[in-house]
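One structure is given below, encoded as C-alpha cells.
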Amino acid sequence: MIARVRQMMMASVALLMVAQMGIGLAPVSAQSEAKDQAEATLILYYSAIDAYDYETAWNQLSKAWQQKQPLDEFIDGFTNTAVVGISIGDVRLVSDDLVIEVDLTAWMNDGTIEGYTGSYMLGKEGGDWRIVAATITEVDYDAPPTRLCTLDDLSFSFGDWDPAMGNRYGNLIATGKSEDRCVLGGVPRISVVIPGAKSPIAVSTGEAGAPPQVMLMGKGVEVVAPIRLANWCVEDGESLLIYVEVPGDTWKAEAGDETDLSIPPCLGDPEEPLFTAQGFQDPFDITDN
C-alpha cells in the first residue's frame with residue numbers, strides 16, 4: 001500500500017511539473033510537430049523579408065497585428081533594411097501558444113548594423129501558426145559584426161540549367177575575390193537587357209525560400225542563389241547582357257550574356273515573363289526542385 005501511495009505521489013508531482021513548465025499533456029510527437037511548424041512560420045517571415053516579398057512576410061502576422069499595422073506601414077518599416085539574419089534559440093509551449101527566442105542581426109542600406117534579442121509568440125489562427133506578439137530589444141555590440149559584401153568583393157557566374165515543364169532552373173554563383181572578409185545574404189536582383197534598349201526585358205523578383213542568414217565570404221568562397229525563368233519571348237540569337245545587384249550596394253555588376261542563360265519557351269506575349277531569385281545560400285543546402 002505504501003509503495004502504491006508513493007507511486008501515485010510521484011505521478012502527481014510529475015504532472016504538476018509538466019503543468020508548471022507550460023508543456024501541456026499533448027503527445028511529445030504532436031508538441032514537436034507544432035514547434036517545427038511554428039518555427040517554419042517565423043523562418044518564412046524573415047526569409048520573405050530578405051526576399052523583399054513583404055506581403056508574404058506580412059501574411060505571417062495575426063489578423064489582430066495586421067489591423068494595427070497595415071501592409072503599407074509594414075513595408076515602410078523595412079525601407080533601410082538590406083538583410084536580416086536570425087538565430088533561433090529555445091522554443092517552448094505556453095498554454096496553447098509557442099514562444100520562440102531569437103537573436104537578430106540587421107544589416108542596413110546605409111552601412112549600419114543593428115542587433116536585437118527577444119522572443120516571438122505564435123498562435124494558431126485558422127489552422128495555421130501566426131505571429132501574434134513580439135518582445136524585441138536592441139543590443140549593443142562589443143565588436144561590430146562583419147560588414148556586408150559589395151560588388152567589389154565578388155564575381156559572378158551561372159551554374160548548369162535544369163529544364164522542367166517549360167521552366168528553367170539554375171543558380172547564380174557568387175565567388176569571393178577579396179582577401180577581406182565580408183558577409184553576403186539576402187536576394188540578388190538580376191536584370192537582363194538588350195544592348196542599347198531603354199529598359200530591361202526582365203528583372204528578377206525575390207522569392208522566399210532561402211534560410212534567413214548571411215554567408216561569410218572570403219577569397220574563393222562560393223555561394224549560390226537559386227533562380228527560375230519561364231515564358232521569355234525573345235528572338236533566337238538576341239544579344240543580351242546580364243547585370244547583378246546585391247543587398248547593401250547600389251551599383252550593378254555585369255555578370256554575363258545570352259550564352260549564360262537557358263531561355264525558356266515563350267507561352268505568349270500577354271503572359272508576363274517569370275524571373276525569380278532566392279537568397280544566397282550554401283550550395284550544399286540546395287535541394288532538388
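Here are some notes:
- Scan of the stretch 134-154 for residues that are without any contact (Cβ under 8 Å) to a residue 24 or more places away in the chain and part of a strand (DSSP E or B), ordered by number: 134, 135, 137
- Number of residues in the stretch 1-53 that are open to solvent by 40 Å² or more (accessible area, probe 1.4 Å) and either at pLDDT 60 or above or among the polar types (S, T, N, Q) (or both) equals 18.
- When each of 259, 250 is tested for being more than 21 Å from residue 83 (Cβ to Cβ), open to solvent by 60 Å² or more (accessible area, probe 1.4 Å) and either touching a residue at least 24 places away in the same chain (Cβ under 8 Å) or not in a strand (DSSP E or B) (or both), the lone residue that passes is 259.
- The number of residues in the stretch 125-167 being modelled with pLDDT of 95 or more and in contact with a Lys or Arg (Cβ under 7 Å, 6 or more places away or on another chain) comes to 5.
- If the condition is being buried (at least 19 other Cβ atoms within 10 Å of the Cβ) and within 17 Å of residue 246 (Cβ to Cβ), then the stretch 54-86 contributes 82, 83, 84, 85.
- Selection status of residue 272, open to solvent by 20 Å² or more (accessible area, probe 1.4 Å), modelled with pLDDT of 95 or more and of a type in the set (D, E, K, R): no
- Test: residue 213 is in contact with a strand residue (DSSP E or B) (Cβ under 6 Å, 6 or more places away or on another chain), of a type in the set (S, T, N, Q) and open to solvent by less than 50 Å² (accessible area, probe 1.4 Å): no
The values are calculated or read from the model by the stated rules, or taken from the named source; none is laboratory data. Source: prediction; values computed, not measured. Quick reminder, even Gly has a Cβ in these numbers, built from the backbone with ideal geometry, and neighbours come from all protein chains shown. For the accessible areas, the whole protein counts, side chains as well, though only heavy atoms, and no ligand, DNA or RNA atoms are used. Shrake-Rupley method; radii C 1.70, N 1.55, O 1.52, S 1.80 Å.
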